[in-house]
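Chemist: For reference, the structure I am asking about is given below.
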Amino acid sequence: MERIEGINPGRIEWCCTDYGITPDLLASELNISPTSMDRVMAGNGGLTFNQLKNIADYFGRGVLFFLEEGMVEIERVHTPAFRTLANQKPELSTKMRTLIERVEKQRDVYISLREDLEDIDLTRFVHPKLPVDDPKAAAEIARNWLGLSSRNDFDTYRAAIEAKGILVFRSNGYGGKWQIAKESPILGFSIYHPECPLIVVKKQRRDAEQSFTLMHELGHLLLYKASSIDDDRDFHDTHSFQERGANAFAGCLLVPDRLLRTINPNDRPLLVSEYGSWLDPQRKAWGISAEVILRRLADAKLLPREDYAAYRAWVATLDIPQSGTGSREYRHREPKHIFGDRFVRTVLDSLSGGYITLNRATKYLDGLKVSDLHQLERYYAGV
């Protein structure tokens, strides 16, 4: 099989260093012989196209990236937002780093399509000024800005945020290029952009578990105009000013004082295992977990902090089985679940307006088959 010569070993070395691996480990993971890799790294050998493409795919690059001369200019490869997230969590996995870059590229696709659809009324990101030093007041302003009612779920929270010009992606629950792995501690991240900020939320067992992540990331965007990547430890961080502020903002936005006052803390059960049932009406009405409500009660000194800690300790002991991969019967709707309604409508409008081809539209919508894309069009048309 013909081999491609002229591969730039310095670029392979740079990518390996960037991802925290060695060329030998890269060869092992991609089933490339150590001898072939050693020759390439010494500038004396070549690889088949498929081997080079596997390397490019592994690092989320194009094949031509490794054929260009010269060293890598990091400013051209990684955006400031990516570098911010990578610096916050240096231990990020290869898949997680690749996902972040993929998300940014998808955001850029959306901005480009929106510019083409200049005759379509698409909301731009403009938000009210919020008091950074008063998360509770900021949450009240943001809740009014979003137009939230007293009954919500993850979908209504998401729709309200998207209506203000912020993209909200939710990772796949099944394996794929848009999944945050189940074993990953990352629960979500936000990427600030003055024109089109973006939030990514990890899919959880229940939609209610995602609502706090969503609003926590919104807090980073609105309060600090900053990109952030967060795991459960960050949601309970008492040292970082921004994490404390984003946590307080999320809690007060999801459970403002007027809703908190509808709960009588004296009615709470003796057993922490019964707290979920006690708060079931509020959980269902507000689309959040019992933990979020208990945390607000504890912060407001309406619940002893040790009772909240005991509930968290009890939940940690539960052996909740992971759900399966799920049915792909509604494959055509999956892009909406992943990228949100606003992104999908923009792609379909661009296709309808002749700005992009059918093949390009399927690529933007998670690689849908053409038949699934047409089914998605009928779904949006109400047919």
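Chemist: Kyte-Doolittle cut-off -0.5, length cut-off 24 Å along the helix's own axis using Cα: show which whole DSSP H helices in the chain pass.
Modeler: 208-224
Chemist: Which one, Phe65, Val103, Leu92, projects farthest toward the positive side of the charge dipole computed for the stretch 55-143 from Cβ point charges (K/R +1, D/E -1)?
Modeler: Final value for the positive-end residue is Leu92.
Chemist: Additional query: Would you mind computing Rg(Cα) / (2.2 N^0.38 Å) for the stretch 4-47, counting N as its residues?
Modeler: 1.04
Chemist: Quick check: with the 1.4 Å probe, what order do His127, His216 take by accessible area, largest first?
Modeler: Result of the area sort, largest leading: His127, His216.
Chemist: Test of understanding: in a Gaussian network model of the chain with alpha carbons linked when under 10 Å, which of Asp366, Asp349, Asp57 would top the mean-square fluctuation ranking?
Modeler: Sorting by GNM fluctuation, first place goes to Asp57.
Chemist: Mind checking the full-extension length gain between Lys363 and Ile74? Use 0.36 nm per residue of separation minus the Cα-Cα distance, one decimal, nm.
Modeler: Stretched fully, the Lys363-Ile74 segment lengthens by 101.3 nm.
Chemist: Give the lysines whose C-alpha is closer than 20 Å to that of Lys53, dropping any in the same chain fewer than 8 places away, or say none.
Modeler: Lys95, Lys105, Lys177, Lys363
Chemist: In the full protein assembly as shown, how much of Arg97 is accessible to a 1.4 Å probe, in Å² to the nearest 10?
Modeler: 20 Å²
Chemist: Further question: Can you find, among Asn359, His193, Ala310, the residue sitting farthest towards the positive end of the charge dipole of the chain, where Lys and Arg contribute +1 and Asp and Glu -1 at Cβ?
Modeler: After comparing all options, I get Ala310.
Chemist: Oh, and also: What does the stretch 194-343 give for Rg and for Dmax, in Å, if only its C-alpha atoms count?
Modeler: Here Rg and the maximum Cα pair distance are 16.8, 50 Å.
Chemist: Could you let me know the centre-to-centre spacing of the stretch 1-31 and the stretch 254-268, using Cα atoms, in angstrom?
Modeler: 57 Å
Chemist: Further question on the same structure: Can you put Tyr330, Tyr110 in order of accessible area, largest first, using a 1.4 Å probe?
Modeler: The ranking, largest first, comes out as Tyr330, Tyr110.
Chemist: Before I look further, what does the stretch 78-144 give for accessible area per residue, probe 1.4 Å, in whole square angstrom?
Modeler: 52 Å²
Chemist: Right, something else. To check you understand DSSP bridge types, tell me what percent of the beta bridges within the chain (both residues inside) are antiparallel, rounded to 5.
Modeler: Beta bridges within the chain, antiparallel portion: roughly 65 percent.
Chemist: Regarding the chain, what is the average projected area of its C-alpha convex hull, in nm²?
Modeler: 22.1 nm²
Chemist: Now for a separate question. With every protein chain present, what accessible area does Glu334 have (1.4 Å probe, heavy atoms only), rounded to the nearest 10 Å²?
Modeler: Glu334 has an accessible surface of roughly 20 Å² with all protein chains in place.
Chemist: Can I ask one more? Over the stretch 92-190, what lengths in whole Å, largest first, do the semi-axes of the equivalent ellipsoid take, defined as the square roots of 5 times the eigenvalues of the alpha-carbon gyration tensor?
Modeler: Here the semi-axes work out to 27, 21, 14 Å.
Chemist: OK, next. Relative contact order for the stretch 122-200: what percent, with Cα pairs under 8 Å and sequence separation of 6 or more?
Modeler: In percent, rounded to a whole number, it is 30.
Chemist: As a check on your grasp of the helix formula, calculate [θ] at 222 nm for the chain: sum -39500 (n - 2.57) over DSSP H runs of n ≥ 4, divide by the residue count, round to the nearest 500.
Modeler: The helix-only estimate for the chain comes to -15000 deg cm²/dmol at 222 nm.
Chemist: If you place +1 on the Cβ of every Lys and Arg and -1 on the Cβ of every Asp and Glu, how big does the dipole about the Cα centre of the chain come out, in debye to the nearest 20?
Modeler: 860 debye
Chemist: Please list the three semi-axes, largest first and in whole Å, of the ellipsoid equivalent to the stretch 55-136, using sqrt of 5 times the eigenvalues of its alpha carbon gyration tensor.
Modeler: Listed largest to smallest, the semi-axes of the stretch 55-136 are 30, 22, 12 Å.
Chemist: Please compute the Cα-Cα pair-distance distribution of the stretch 192-277 with 5 Å bins starting at 0, giving whole percents from short to long.
Modeler: The percentages, shortest bin first, are 3, 13, 19, 20, 18, 15, 7, 3, 2, 1.
The values are calculated or read from the model by the stated rules, or taken from the named source; none is laboratory data. Please read these numbers as outputs of a predicted model, since none were measured by experiment. As a convention, Cβ positions derive from the backbone with ideal geometry for all residues, glycine included, and neighbour counts pool all protein chains shown. Keep in mind that these areas ignore ligands, DNA and RNA; they rest on the heavy atoms of the full protein, side chains included. Shrake-Rupley method; radii C 1.70, N 1.55, O 1.52, S 1.80 Å.
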